[in-house]
Structures are given as structure tokens and as C-alpha cells.
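Everything below concerns the one structure shown next.
The values are calculated or read from the model by the stated rules, or taken from the named source; none is laboratory data. Since this is a predicted model, take the numbers as computed values, not measurements. Quick reminder, even Gly has a Cβ in these numbers, built from the backbone with ideal geometry, and neighbours come from all protein chains shown.
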Amino acid sequence: MDGEGKIRVLITGGGGYLGSIFTRKLLSKGYSVRVIDPLWYGRDPIESCVGQENFELMQEDIRDLTAVVKALKDVDAVVHLASIVGMPAANLDPRTSTEINYLATRNIAELCSLYGIGTFLFASTCSVYGAQPGKVITEKSPVSPLDVYAETKYKSEKAIYQVYEAPTVVRFGTLFGMSPRMRFDLAINLFMAKALSKEKITVFGGSQHRPFLHVADAADALAFVLEKNLDGIYNVISENFTIMEAAERISKLTGAEIEVSNAIVDKRDYVVSAEKIGQFGFTASRNVEYAVKETQEAFEGGKIGDYREPKYSNYESLFSSKEIQAKVYTQGPIFK
Ligand SMILES: NC(=O)c1ccc[n+]([C@@H]2O[C@H](COP(=O)([O-])OP(=O)(O)OC[C@H]3O[C@@H](n4cnc5c(N)ncnc54)[C@H](O)[C@@H]3O)[C@@H](O)[C@H]2O)c1
């Protein structure tokens, strides 16, 4: 599948950290793109796409079945990214996270099957593997989700397989790097922001291994599986390293000091193999050093104000704005 014949793709969550890059990528390849996203974290990341010939924005919620039915009209493929992303944000209200991450996902996959839409591609996460220190994890390894976020993503994977014949599931490592919708609530991005703001990098624990991937490589991987028509489950990562190694690599380039805290909240610990997708010819090409350089340029170019602003964090956006809460939490704002 390539964009030449104007393949029509629906991207859910296309205004997000990954979605805003992936949307641009598909547009540049000649695809027609429709995005469904209520843009909880702002419209800026997708604004420059609005008005382009092959682009359509539906500022709607995937929990609204009528909106989803409309969004699926005349599409050839669905790339499903919409979600309450990350453990802290998903923990805020597990019921809402389950509605969005799991129930809406199941509905969309089932509708894709009903309408004969040829491709359903779901963005899942290596977080489904939980804590499995000392093992190299493949797609065949057992899963062990540790929190609401990972649980809803894994339940979704299972549901998709029940209602859609041959889906594609990509399990991404933790993403990093610059995007039109920047997130500084991701480990490497937060380390880079602190280092570039002349603060110490705080490492919680440090010996936990994690798989990482640049966000632009994640977008490349989505385009790759779409173009190759791959179905099945694929781990997609670039490198595994410890949280301490991440901090040290950033410190080496920026001179930032590292401080260690033993208050470990996030117990995920795993080394993941991306050999399966590699055998089809996909390799990630951007490393942490590349990300430090682009982030430094963004800071120096004045593109990032204060990295602590709520808009850069899913948890802070949802927690601190009554306006956003009123839309996300359909039974009314639940926090002070
Ligand atoms: N960022 C990572 O490290 C990472 C790692 C593994 C997997 N993933 C997966 O990749 C996908 C994208 O993550 P991201 O980092 O871009 O997150 P993000 O929070 O930046 O983007 C999610 C987007 O989904 C939208 N959304 C939320 N609820 C919605 C709803 N009810 N209806 C429609 N849209 C809704 C949001 O407005 C946002 O634009 C997610 O499915 C996530 O689980 C991300």
C-alpha cells in the first residue's frame, strides 16, 4: 500500500505527540488523511495541516459512536493512536481510561470489520511486558501489565483479535524526540528539558532497563507496516538501555549533573527485541544524541517556553484544567 493512488487513512489521535508527526508523514507521501481527535492538548500541533487538500480534521471523541461511523466513511485503512497515554494520566480516572483506551478501541475495530476496511493498525506499548528483568522479550513472551494504562492497551490487543481478522499491532518502546505536540512527561524528553534548563537530571532508581524509540522512527514504522501490508504483532524499538545510561548520555552532551532518588514509582524493567520487524527490513535511525541536538535547537530557537507548562504533560493537562476535564470526564470534572 502506498500513497500514490490516494489511499485514504483515518488516524485517531492524529493531533498527539506521535500522531502530529505521522499525519504529516502520510500527507507528504500523498495519502489522504482524516484525523479524529478532540485535541485535548491543543490545536496548534495539527493547525498547519488544516486547509491542505488531502487533509480533514474531525474534532470529535472516539467514544462517540456516531462520530466514529462518520469518520470511517470511505477510508481504506485505520491507524488507531487515540488514547489516554501514560501511567500517570491513565491512573487519574481508570473508568475514563478504560472507556477510551479499551471500549472505544474495540468498537472501532469491530466497525472496521463490519465495513470491510482492509487495514487496522493499533499503536500498543512495550509496557504490556511489565517487569521482566534479565530477559530479552520477543512478541511471543508472556505479558504482565502493571498498571491501568498497560492493562487497557493489552485488553485492547486481545479484543481487536476477537473482532477483526488480521490486525496489525505495534508495541512501541518509550518514545523520545521533538514533535509539533511536545511531551516532556516522557523519561528522555524530561531529562533533556532539565539538562537544557541548567537543572540536575533526577534519576529514580536507574538500573531499570527500558526500550526506547525516537518518535519520528515510530512514525516511520507505522508508515512501513502500512506500506508493506504487514499484519501481526511487532515490537518497535531502537535501543534498550538503563534509565541511568539515558541520563549519562544526555549529561555527556549537555554537562548536566545527575542526582539519584530511590523513590521508584515506575517499576517497568525489560529488554525488548525488535528482530521480527527488522527481518522485514525496518530499522530505526535516530538515537538519543540526535534528539539532544534537535531539542537543544528548539530550546535555543525559543520554540519551547517553560517545559513545566501543563500542555507538555498529559497528566498535568488533565489534572490542572477544569475545561479539559469537563470534556474528557463525561460524568463531570472529578478533581479539584
Ligand atoms: N509516547 C510513548 O512513549 C508511547 C509509547 C508506546 C505506545 N504509545 C502509543 O502511541 C499512541 C500515541 O501516543 P502519544 O505519545 O502520541 O500520546 P498523546 O497523548 O500525545 O496523543 C494522544 C492523542 O489522542 C487524543 N485522544 C485522547 N482521547 C481521545 C478520544 N476520546 N477521542 C479521540 N482522540 C483522543 C488526544 O487528544 C491526543 O491528541 C498511543 O496509542 C500510545 O498508547 C506511545
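Scan the stretch 254-276 for residues that are buried (at least 16 other Cβ atoms within 10 Å of the Cβ) and of a type outside the set (Ser, Thr, Tyr) and jot them down. Please lay out each step first, then the result.
To start, the set of residues in the stretch 254-276 that are buried (at least 16 other Cβ atoms within 10 Å of the Cβ) comprises 254, 256, 258, 266, 268-274, 276.
Within the stretch 254-276, Ala256, Ile258, Asp266, Arg268, Asp269, Val271, Val272, Ala274, Lys276 qualify.
Hey, among Leu121, Leu213, Leu222, which residue is out of contact with any Phe, Trp or Tyr (no Cβ under 8 Å at 6 or more places or on another chain) and in contact (Cβ under 8 Å) with a residue 40 or more places away in the chain? Please lay out each step first, then the result.
Values: Leu213 fails: out of contact with any Phe, Trp or Tyr (no Cβ under 8 Å at 6 or more places or on another chain); Leu222 fails: out of contact with any Phe, Trp or Tyr (no Cβ under 8 Å at 6 or more places or on another chain).
Answer to the selection: Leu121.
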- Query: Mind checking which residues of the stretch 167-180 are in contact with a His (Cβ under 7 Å, 6 or more places away or on another chain) and either free of Cβ contacts under 8 Å to residues at least 24 places away in the same chain or assigned to a loop (DSSP other than H, G, I, E, B) (or both)?
  - Reply: Gly177
- Query: Applying the selection to the stretch 194-216, what residues are aromatic (Phe, Trp, Tyr) and either more than 19 Å from the chain's Cα centre (by Cα) or more than 16 Å from the ligand (Cβ to nearest atom) (or both)?
  - Reply: Phe204
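Please return the ranges of strands (runs of 3 or more DSSP E) entirely within the stretch 77-166 where 3 or more residues are more than 10 Å from the ligand (Cβ to nearest atom).
Details: elements: 77-80, 119-125, 131-137.
Passing ranges, in order: 119-125, 131-137.
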- Residue list for the stretch 55-68, filter: of a type outside the set (D, E, K, R) and crowded, with 16+ Cβ neighbours inside 10 Å: Phe55, Leu57, Met58, Ile62, Ala67, Val68
- Message: Under 6 Å between Cβ atoms, which residue pairs at least 6 apart in sequence (or on different chains) link something in the stretch 13-31 that is assigned to a loop (DSSP other than H, G, I, E, B) and at pLDDT 95 or above with a partner that is surrounded by 24 or more Cβ atoms within 10 Å (Cβ to Cβ) and of a type in the set (S, T, N, Q)?
- Response: Gly14/Thr23
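Identify all residues within the stretch 181-207 that are within 13 Å of Glu259 (Cα to Cα) and assigned to a loop (DSSP other than H, G, I, E, B); write none if there are none.
Restricting attention to the stretch 181-207, the residues satisfying the condition of being within 13 Å of Glu259 (Cα to Cα) are 191, 194-195, 199-206.
Within the stretch 181-207, Glu199, Lys200, Gly205, Gly206 qualify.
Being among the aliphatic types (A, V, I, L, M) and within 25 Å of Leu10 (Cβ to Cβ) is true for just one of Val170, Val148. Which residue is that? Show your work before the answer.
Numbers: Val148 fails: within 25 Å of Leu10 (Cβ to Cβ).
Exactly one of Val170, Val148 is among the aliphatic types (A, V, I, L, M) and within 25 Å of Leu10 (Cβ to Cβ), namely Val170.
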- Message: Out of Val292, Val272, Val288, Val328, I need the residue that is within 18 Å of Phe212 (Cβ to Cβ), within 13 Å of the ligand (Cβ to nearest atom) and among the β-branched types (Val, Ile, Thr). Which one?
- Response: Val272
- Message: Which numbered condition in (1) assigned to a loop (DSSP other than H, G, I, E, B); (2) touching a Phe, Trp or Tyr at 6+ places or on another chain (Cβ under 8 Å) is the only one that Tyr41 fails?
- Response: (2)
- Arg63: passes all of (1) closer than 17 Å to Gly16 by Cβ; (2) basic (Lys, Arg); (3) touching a strand residue (DSSP E or B) at 6+ places or on another chain (Cβ under 8 Å) but (3)
- Just one of the numbered conditions (1) in a loop (DSSP other than H, G, I, E, B); (2) more than 19 Å from Asn107 (Cβ to Cβ) is not true of Lys73; which one? (2)
- Task: Sort out which residues of the stretch 44-70 are assigned to a loop (DSSP other than H, G, I, E, B) and under 26 Å from Tyr315 (Cβ atoms), and write them in order of number.
- Result: Gln59, Glu60, Asp61, Ile62, Arg63, Asp64
- Item | Enumeration of residues in the stretch 118-150 that are under 13 Å from Tyr234 (Cβ atoms) and over 16 Å from the mean Cα position of the chain (by Cα) | Ile137, Thr138, Glu139, Lys140
- Check the stretch 9-31 and report whether any residue there is in contact with a Phe, Trp or Tyr (Cβ under 9 Å, 6 or more places away or on another chain) and over 17 Å from Ala219 (Cβ atoms). no
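Identify, from the list Val148, Val163, Val128, Val143, the residue that is β-branched (Val, Ile, Thr) and in contact (Cβ under 8 Å) with a residue 60 or more places away in the chain.
Values: Val163 fails: in contact (Cβ under 8 Å) with a residue 60 or more places away in the chain; Val128 fails: in contact (Cβ under 8 Å) with a residue 60 or more places away in the chain; Val143 fails: in contact (Cβ under 8 Å) with a residue 60 or more places away in the chain.
The match here is Val148.
Looking at Ile36, Ile84, can you tell me which residue is β-branched (Val, Ile, Thr), within 26 Å of Ala216 (Cα to Cα), surrounded by 17 or more Cβ atoms within 10 Å (Cβ to Cβ) and touching a residue at least 60 places away in the same chain (Cβ under 8 Å)?
Numbers: Ile36 fails: touching a residue at least 60 places away in the same chain (Cβ under 8 Å).
When all the criteria are applied, what remains is Ile84.
Evaluate the following for Val169: is it more than 16 Å from the ligand (Cβ to nearest atom) and surrounded by 18 or more Cβ atoms within 10 Å (Cβ to Cβ)? Give the steps one after another, and end with the answer.
Working: more than 16 Å from the ligand (Cβ to nearest atom): no; surrounded by 18 or more Cβ atoms within 10 Å (Cβ to Cβ): yes.
No; evaluated as a whole, the condition is false for this residue.
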